[in-house]
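Student: This is the structure, below, for whatever I ask next.
The values are calculated or read from the model by the stated rules, or taken from the named source; none is laboratory data. Quick caveat, the model's predicted, so the values are computed rather than measured. Glycine also receives a Cβ, built like all others from the backbone with ideal geometry; neighbour counts cover every protein chain displayed. Accessible surface areas use protein heavy atoms only, side chains included; no ligands, DNA or RNA. Shrake-Rupley method; radii C 1.70, N 1.55, O 1.52, S 1.80 Å.
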Amino acid sequence: IRKGTTLTAIKRCISTPSLAICRVLRDKLRQPDFRFKHEILKGYLQVLYGEICQLMAPLVEAQEARQSSRKKLIFDRFLEELRQHYATQRSVQFYADRLCLTPKYLSQVVHAVSGRHAGDWIRDYVILEAKALLKSGQYTIQQVSDMLNFANQSFFGVYFKKAVGCSPTVYKES
């Protein structure tokens, strides 16, 4: 929350019914033999708290909107980087470095915006491309493995089977 905005909200808070509640609280505290003072003061404090929350709500919502739009921007940039590099890079660290973020923060932002983890997005992009290449019938499993920058066909097979539930051979033939 910006400094000027907070001061404006505080001034607005002072000039509202909250000020009257504060005066009543002060007066009640000065009464020495007032029965149920504790309970009544608790009630007034709850009302005062509600008034302050009501006044601060627009500021909190504005702050959340700014944070949300920042997270959306990071997520969009992540997807753009992913579209460009998924065939050669499969680590969250790579994408975090490209966006000048830590891998943990990138993962948190991606999950907050999309409900899915960054690693899942990366895996799904790679698997979607692998499936398309395998189903096209134009490439062997070895060629698909090479095109997606896997160390060897065996590693590609393990990666594919873990994600899809069947081997590339079985998928290609189905």
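Student: Return the single residue from VAL24, VAL164, VAL109 with maximal mean-square fluctuation; model: Gaussian network over the chain, springs between Cα atoms under 10 Å.
Tutor: Largest GNM mean-square fluctuation: VAL24.
Student: What nm distance separates the two modelled labels at THR102 and SER136, each placed 7 Å from Cα along Cα→Cβ?
Tutor: Simple spin-label model gives 4.0 nm for this pair.
Student: When the expected Rg is taken as 2.2 N^0.38 Å, what fraction or multiple of it is the alpha-carbon Rg of region 51-134?
Tutor: 1.38
Student: Among 118-130, 138-150, 26-38, how do they line up by average Cβ neighbours within 10 Å per residue, starting with the highest?
Tutor: Descending mean neighbour count gives 118-130, 138-150, 26-38.
Student: A follow-up question, please. What percentages make up the Cα-Cα pair-distance distribution of region 102-166 when the bins are 10 Å wide from 0?
Tutor: 20, 44, 25, 11
Student: List the extent of the Cα atoms of the chain along each of their three principal axes, largest first, rounded to whole Å.
Tutor: For the chain, the Cα spread along each principal axis is 90, 34, 23 Å.
Student: Ignoring ligands, DNA and RNA, what percent of the 1.4 Å accessible area of region 26-174 is carbon and sulfur?
Tutor: Looking at region 26-174 in its full context, I get 54 percent from C and S.
Student: A further question on this structure: Roughly how many Å² is the accessible area per residue of the chain, as a whole number, for a 1.4 Å probe? Kindly include the intermediate steps, with their values, before the conclusion.
Tutor: Details: 11340 Å² over 174 residues.
Value returned for the chain: 65 Å² of accessible area per residue.
Student: Separate question: So, by mean Cβ neighbours within 10 angstrom, what's the order for 93-101, 41-49 with the highest one leading?
Tutor: 93-101, 41-49
Student: Please go through the residue pairs LYS72/LYS135; LYS104/LYS131; LYS135/LYS161; LYS71/LYS104; LYS72/LYS162; LYS104/LYS161 and name each one whose alpha carbons sit more than 22 Å apart in this structure. Provide the component values of the computation, followed by the final result.
Tutor: On the way: LYS72/LYS135 34 Å; LYS104/LYS131 29 Å; LYS135/LYS161 15 Å; LYS71/LYS104 14 Å; LYS72/LYS162 30 Å; LYS104/LYS161 27 Å.
Beyond 22 Å between Cα atoms: LYS72/LYS135; LYS104/LYS131; LYS72/LYS162; LYS104/LYS161.
Student: Step through the residues of region 35-48 one at a time and calculate ³J(HN,Hα) from phi using the Karplus curve (6.51 cos²θ - 1.76 cosθ + 1.60, θ = phi - 60°), rounding each to whole Hz and writing x for Gly and Pro.
Tutor: Per-residue couplings from phi come out as 6, 6, 4, 4, 5, 5, 4, 4, x, 4, 5, 5, 5, 4 Hz.
Student: Once the whole set of protein chains is in place, how much accessible area is left on TYR86, using a 1.4 Å probe, in Å² to the nearest 10?
Tutor: We get 40 Å² for TYR86.
Student: Next up: Each residue of region 142-150 in order: what ³J(HN,Hα) in whole Hz does its phi give by Karplus 6.51 cos²θ - 1.76 cosθ + 1.60, θ = phi - 60°, with x for Gly and Pro?
Tutor: 3J(HN,Hα) across region 142-150, in whole Hz: 4, 5, 5, 4, 5, 4, 9, 6, 8.
Student: Now for a different question. Can you give me the C-alpha center-to-center distance between region 70-140 and region 147-174, rounded to a whole angstrom?
Tutor: Region 70-140 and region 147-174 have Cα centres separated by 18 Å.
Student: Continuing with this model, one more query. Please report, in debye to the nearest 20, how large the charge dipole of region 45-174 is about its Cα centre when each Lys and Arg carries +1 at its beta carbon and each Asp and Glu carries -1 there.
Tutor: 300
Student: With r as the distance between the Cβ atoms of LYS72 and LYS162 and R0 = 22 Å, compute the FRET efficiency 1/(1 + (r/R0)^6) and round to 0.05.
Tutor: The calculated FRET efficiency here is 0.15.
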